[in-house]
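Presented below is the structure to which this report refers.
The values are calculated or read from the model by the stated rules, or taken from the named source; none is laboratory data. As the structure is a prediction and not an experimental result, all values here were calculated from the model. With ideal geometry, Cβ positions are generated from the backbone for all residues, glycine too; neighbour counts draw on all protein chains shown. With ligands, DNA and RNA removed, areas are computed over all heavy atoms of the protein, side chains included. Shrake-Rupley method; radii C 1.70, N 1.55, O 1.52, S 1.80 Å.
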Amino acid sequence: MTTAAVAAKTADTNTVQTRHRVRQVVVPLVTLLVVLAAWELLPRLGVVRSTVLPPLSTVLPILPSLWVDTAFVSSLGASALRWSVGLALAIVIAIPLGIVMARSRTIFAFVNPLMVLTYSVPKAALVLIFTLWFGVGLLSSSLVIAIGCGTPLIISAYHGAKGINTHLVWSASALGTSRHDVLRRIVFPAALPEILAGLRTALQLSLFILLASEFLIRQTGIGAYMFNNLDVGQYPTVWAIMLTVAAIGVLLDWLYVRLVRVCVPWLEGEV
Amino acid sequence: MSSTTTSTVSPKRLEGRGIRHVFDGGKSSVPAIEGIDIEARPGEFLSILGPSGCGKSTLLYILAGFIAPTEGQVLLQNEVAGPPGPERGIVFQDFVLFPWMSVVDNVAYGLREQGVRKAERTEIALRYLQMVGLESSAQSFPKELSGGMKQRVAIARTLATDPAVLLMDEPFGALDALTRSILQDQLSDVWTSTKKTVVFVTHSVEEAIFLSDRIYVMSKRPSTVREIVNVELPRPRTRESMLQDPAYGSLHEHVRGLLMDSPGS
């Protein structure tokens, strides 16, 4: 290849890369900017009342002051605790349960009615019942999150384990894996792609249930803190809290994608 | 193909006696296999040849111990063969490597199950990878390999545990023609150097003749043995010499005729 041809080829690759970068970075940024601009301009131009939607410029300055407010920080801590306990419970119980249900008809027949029952009950109703039973402490709020997130986890683990290629299990048993070890060594990793998809749903669902339960039982937590501010008409603060919660949601999803890419490098297709 | 890998297990006889299998489909039960006696002699390359859907894979799964036959029994060296295990190695048409393991870990998997220490099993696995010409892909994940490469890894994985019998279920059926002929040559070489008992399921007449000592030609469902054909072409065989051998032509004609519904037409 001549120097000119090489240069032309490099230029070609550069154009392709630039176009790629525009699509990946610039276009999404434009969308974000349009949303933020609308947030700022709509109340300023009087299209919506600023009590309903305070302009972005009045919300942003509140953000730093939130983090020095001990009431905010302790609320966030309380929410983080019940969220992590609830989600951890769901992961530890639901994933093995879903896998075992896929491999044993007896266990499936035993657990499935309970599943259908909890699936169709609105989780908000469970908040009230659990509070009645266990009080307003960590137990009841974590249980609601665990049951709410457990459902997509059980279903994804069940389908993931049910759908694996029989030849995969047969290959393992012909290589000397016992019936007992097959679950841990073969079925679990083979079902992992679907389980991870379920975990992503569970992550988003967990935040929703967390806030909903804290709106209902307004004792502690970020939801209660937010509602209290709404009651006293601190609308810019409410928006600032919402922005923070949204940012945490985005951050968790980003962390999830990073973790999957690092821990499960063998996964095919996109995360 | 190097011959650095020598088998320590002597090949064994695998027999199916009076095998009958009926798939239980609720109201309607479909007989798949209707009374088959099959014997793979120690060190023999045996093919099971039949039309699609004739139950030849089912027969192989019964011989492997994955499916319990409705009637009959499977004997390994004159003893009733129990559940599946490393004595009867299997290679499937759809490769089924463990996608979460690197290529070398896939090949070493069976050895790990036998409690072989890591350093030793990696060394053995690399030797088998070298045998199928894939030592440079040892650290790759299966998703990075082509179909033909995956099947070579699967064969290495099965051979690494040194099975007494090698069962193969249309292993080259999903590959393109060129890759298929390369892998047939490689398998022929592997068999020559390891002298394992091989039971090979295929629907290709050419493939069966090229590789086998004997061919069990099956009928359509419900499956029975139509004829046991001896392949007396000289070894080592090459594709070229085989195609020029007049005995090949008449053998091919004969076996093809058996596969048709009315022989001789």
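A few notes on this one:
- Taken along its three principal axes, the alpha carbon spread of the range A:8-81 comes to 61, 40, 17 Å, from the longest extent down to the shortest.
- Note on B:89-98: average number of Cβ atoms from other chains within 10 Å of each residue's Cβ is 5.
- The convex hull around the C-alpha trace of the range A:56-263, projected and averaged over every direction, spans 13.9 square nanometres.
- With contacts taken as Cα pairs under 8 Å and at least 6 residues apart, chain B reaches a relative contact order of 27 percent.
- Taking label points 7 Å from Cα along the Cα-to-Cβ direction, A:Leu29 and B:Asp176 give a separation of 4.2 nm.
- Whole-number percent relative contact order across chain A, with pairs defined as alpha carbons under 8 Å at least 6 apart: 22 percent
- Positive minus negative residues near B:Met131 (Lys, Arg vs Asp, Glu; Cβ under 14 Å): -1
- Projecting the alpha carbon convex hull of the range B:113-157 along each direction and taking the average yields 3.3 nm².
- Centre separation in Å (Cα based) which lies between the range B:22-86 and the range A:225-239: 72 Å
- The coefficient of translational diffusion for chain B, derived via Stokes-Einstein from the alpha carbon Kirkwood radius under 20 °C and 1.002 mPa s, stands at 112 µm²/s.
- Kyte-Doolittle mean at least 0.0, axial Cα span of 15 Å or more - DSSP H helices of chain B: B:103-113, B:147-160
- Taking 0.36 nm per residue of separation and subtracting the current Cα-Cα distance, fully stretching the chain between A:Ala37 and A:Thr13 would add 5.2 nm.
- Structural size metrics of the protein assembly as shown, computed from C-alpha coordinates, are Rg and Dmax of 31.7, 99 Å.
- To the nearest 10, the accessible area of A:Arg23 is 150 Å² with a 1.4 Å probe.
- Potential lengthening between A:Val22 and A:Asp231 on full extension [0.36 nm per residue; Cα-Cα distance subtracted]: 70.8 nm
- Chain A: DSSP helices with Cα axial extent of at least 15 Å and average Kyte-Doolittle hydropathy no lower than 0.5: A:27-44, A:70-103, A:105-120, A:123-134, A:138-162, A:188-216, A:235-263
- Near B:Tyr61: Cβ cut-off under 15 Å, other residues only, Lys/Arg at +1 and Asp/Glu at -1. The net charge is 0.
- For the range B:200-265, a crude dipole built from +1 on the beta carbon of Lys and Arg and -1 on the beta carbon of Asp and Glu, taken about the Cα centre, is about 220 debye to the nearest 20.
- Convex hull of the range B:155-250 built on C-alpha atoms - directionally averaged projected area, nm²: 7.0 nm²
- In a simple Cβ point-charge model (Lys, Arg +1; Asp, Glu -1; nothing else charged), the protein assembly as shown has a dipole of about 1000 debye relative to its Cα centre.
- Taking other residues whose beta carbon is less than 11 angstrom from the beta carbon of B:Gly35, and scoring Lys, Arg as +1 and Asp, Glu as -1, yields -1.
- Inter-centroid distance (Cα atoms) of the range B:239-256 relative to the range B:122-144, Å: 36 Å
- Electrostatic dipole magnitude of chain A [Cβ: Lys, Arg +1; Asp, Glu -1; Cα centre; debye, to 20]: 520 debye
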